[in-house]
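Heads up: the structure comes next, in structure tokens.
The values are calculated or read from the model by the stated rules, or taken from the named source; none is laboratory data. Computed from a predicted structure; not experimentally measured. Ideal geometry is used to build each Cβ from the backbone, glycine not excepted, and the neighbour counts take in all protein chains shown. Please note that ligands, DNA and RNA were not included when accessible areas were found on the heavy atoms of the full protein model with its side chains. Shrake-Rupley method; radii C 1.70, N 1.55, O 1.52, S 1.80 Å.
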Amino acid sequence: MLSTLFKSRGWIPATVVLVLLVLQWINASPLGDVEGKYTDHLRHEVEALAFVSRGFVVYREPYRQFADGLWPCADHRALFDERTAPYPPLGILLHWPVARLESGGMITAYNAHRLLGALWMGAGLLSFLVVRRLVDEWKAADWITYGALLAPLLVGAGANGFYDTTYFLMGVSALLCLKKDRTLPAGLLLGLSVAMSFRAIVFAPLGLWAIARSLEAGYGRAFRILLVSVPWVAFSAASAWALGGSLEVIPAESPVHFSRVVQGEPAAVTFVALGVGLIAWLLVRGYRWTGLSVLSMTLVVLLDRSLGFWHALPYFVPGLVFAVEAPRASARARWLALLFLLCGLTLGFRGPTRPSWGWLRTRITQLAHP
């Protein structure tokens with residue numbers, strides 16, 4: 001797949017990726033992020049160590065209990081002590097190799113922390129290159145608008161230590177496989193994506209799409225897709241069951257959380273109304289996979305309690321599915337998809353560019369006024 005990303009001028013994206021990774025490494029704070037305030041990756045390191053040694057207890061006990069005695073350094077202490085581990089096992093275990101290197105003294109704490117930032121930023125940059133392959137048929141104006149929002153979001157999420165870029169990479173790679181009619185790799189990648197993050201449910205319609213396509217070649221091909229994807233999904237489902245109601249300790253900060261819909265708050269109700277309207281429009285015109293994608297994105301957003309900028313990635317998925325399902329759609333249809341994205345980001349984050357560029361504005365302010 002990498003060969004398809006770097007065509008005639010492959011040195012250009014390769015150079016950009018290398019430069020950005022070097023800048024991230026140079027500018028990282030002692031915590032490993034670029035803003036000096038994010039610690040999710042540090043918490044996940046300890047969660048990984050605890051999961052390997054103590055199992056599913058990370059989903060039943062708060063951090064202050066299951067992490068006791070496992071801190072590689074002082075920076076890992078008192079990180080949302082009252083919360084359990086709110087991510088599937090594979091997402092947590094992605095941090096284990098670096099955590100093991102740090103706890104074993106094989107790498108300094110500073111280098112371990114910023115190594116995670118570099119890894120997740122690299123996943124974000126690779127995601128962006130995959131997305132570029134997905135929208136080959138888009139006009140320049142469509143791509144520039146979409147890319148100007150997605151690229152900084154992926155860079156900022158990874159550089160600040162958020163591994164969400166990995167589930168997004170798996171999901172968009174699965175979509176690229178579907179575009180090339182490679183349903184079995186798509187199924188595997190989708191399973192891995194869901195095993196990395198609960199937000200990857202936004203890609204669930206792609207699994208149905210892969211199965212629907214494979215059935216055209218017989219039941220055997222569809223069964224193989226289930227065989228490579230279901231175990232990963234079951235792994236994630238088991239952790240969700242173990243979590244129980246422990247996520248209630250996380251404040252419902254999102255303006256479009258379902259609790260705000262129940263309360264009748266305008267932003268939340270408008271978001272749902274726009275989603276329902278767009279789903280109806282898409283289904284009437286035969287874009288069923290994009291319609292289902294809007295539905296899954298809406299459900300993920302309604303269930304997400306937090307308001308971190310990196311949580312905005314699901315908003316971008318329906319537009320990418322539309323690019324594959326209807327590569328030659330009319331300009332009006334493409335701009336409608338972009339308008340829905342802007343409206344969703346505005347309602348969900350109180351500004352269309354806030355999740356994409358807000359972190360960079362904060363960083364520039366920090367550099368100007370240390």
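For segment 247-350, just say rounded, prolate or oblate: build the C-alpha gyration tensor, square-root its eigenvalues into a ≥ b ≥ c, call rounded for a/c under 1.5, and beyond that prolate if a/b exceeds b/c, oblate if not. Prolate, since a/c reaches 1.5 and a/b exceeds b/c. With all protein chains kept in place, the per residue accessible area of segment 143-278 amounts to 40 square angstrom at a probe of 1.4 angstrom. Solvent-accessible surface of segment 290-370, averaged per residue with a 1.4 angstrom probe and all protein chains in place: 42 square angstrom.
Provide the net charge surrounding F198, with neighbours chosen by a C-beta distance below 12 Å and charges set as Lys +1, Arg +1, Asp -1, Glu -1.
Counting the neighbours of F198, the net charge comes to 0.
Its DSSP H runs of at least 4 residues, each contributing -39,500 (n - 2.57), put the calculated 222 nm mean residue ellipticity of the chain at -21500 deg cm²/dmol, to the nearest 500.
Overall, the chain carries a charge dipole of about 1060 debye about its Cα centre when +1 sits on the Cβ of Lys and Arg and -1 on the Cβ of Asp and Glu, all other atoms neutral. If you take the beta carbon distance between E137 and A78 as r and set R0 to 35 Å, what does 1/(1 + (r/R0)^6) give as a FRET efficiency, to the nearest 0.05? Calculated value: 0.10.
At 1.4 Å probe size, with the rest of the protein present, what percent of the exposed accessible area of the chain is carbon and sulfur atoms?
Of all accessible area on the chain, carbon and sulfur atoms account for 67 percent.
Using the Cα centre as the reference, give the magnitude of the dipole from point charges on the C-beta atoms of segment 1-129 (Lys, Arg: +1; Asp, Glu: -1; all else neutral), rounded to the nearest 20 debye. Its charge dipole is roughly 380 debye. Candidates F66, V46, G32 compared by Cα position along the dipole of segment 32-78: farthest toward the positive end lies F66, with charges placed on Cβ. Positive-end ranking of V321, L299, V272 along the dipole of segment 245-369, with charges on Cβ about the Cα centre, is headed by V321. Go ahead and set up a Gaussian network model of the chain, Cα springs under 10 Å, then flag whichever of G122, G187, G286 fluctuates most. Maximum fluctuation in the GNM of the chain, among the listed residues, is at G286. For segment 159-173, putting each phi into the Karplus relation 6.51 cos²θ - 1.76 cosθ + 1.60 with θ = phi - 60° gives couplings of 5, 9, x, 8, 7, 3, 4, 6, 5, 5, 4, 4, x, 6, 5 Hz, in residue order, rounded to whole numbers and with x for Gly and Pro.
Of the whole protein surface, I211 contributes about 40 Å² of accessible area at a 1.4 Å probe radius. Need the C-alpha centroid separation for segment 224-240 versus segment 243-317, integer Å. Here the answer is 24 Å between Cα centres.
Give the ranking of M106, M121 by solvent-accessible surface, highest area first, calculated with a 1.4 Å probe.
Values: M106 120, M121 5 Å².
From most exposed to least exposed: M106, M121.
The order of the peptides 161-168, 75-82, 201-208, 13-20 by mean Cβ neighbours within 10 Å, most packed first, is 161-168, 201-208, 75-82, 13-20.
Expressed as cubic angstrom per residue, what is the convex hull volume of the alpha carbon set of segment 131-255?
On the way: hull volume 16.6 nm³, N = 125.
Cα convex hull per residue, to the nearest whole number: 133 Å³.
Once the chain from A217 to L336 is taken as fully extended at 0.36 nm per residue, the excess over their C-alpha distance is 39.4 nm.
Computed with a 1.4 Å probe over protein heavy atoms only, the accessible surface of segment 33-79 comes to 39 Å² per residue.
Rounded, prolate or oblate: which fits segment 234-289, taking a ≥ b ≥ c as square roots of the Cα gyration tensor eigenvalues, rounded meaning a/c under 1.5, else prolate when a/b beats b/c? It is oblate, given that a/c is not under 1.5 and a/b is not larger than b/c.
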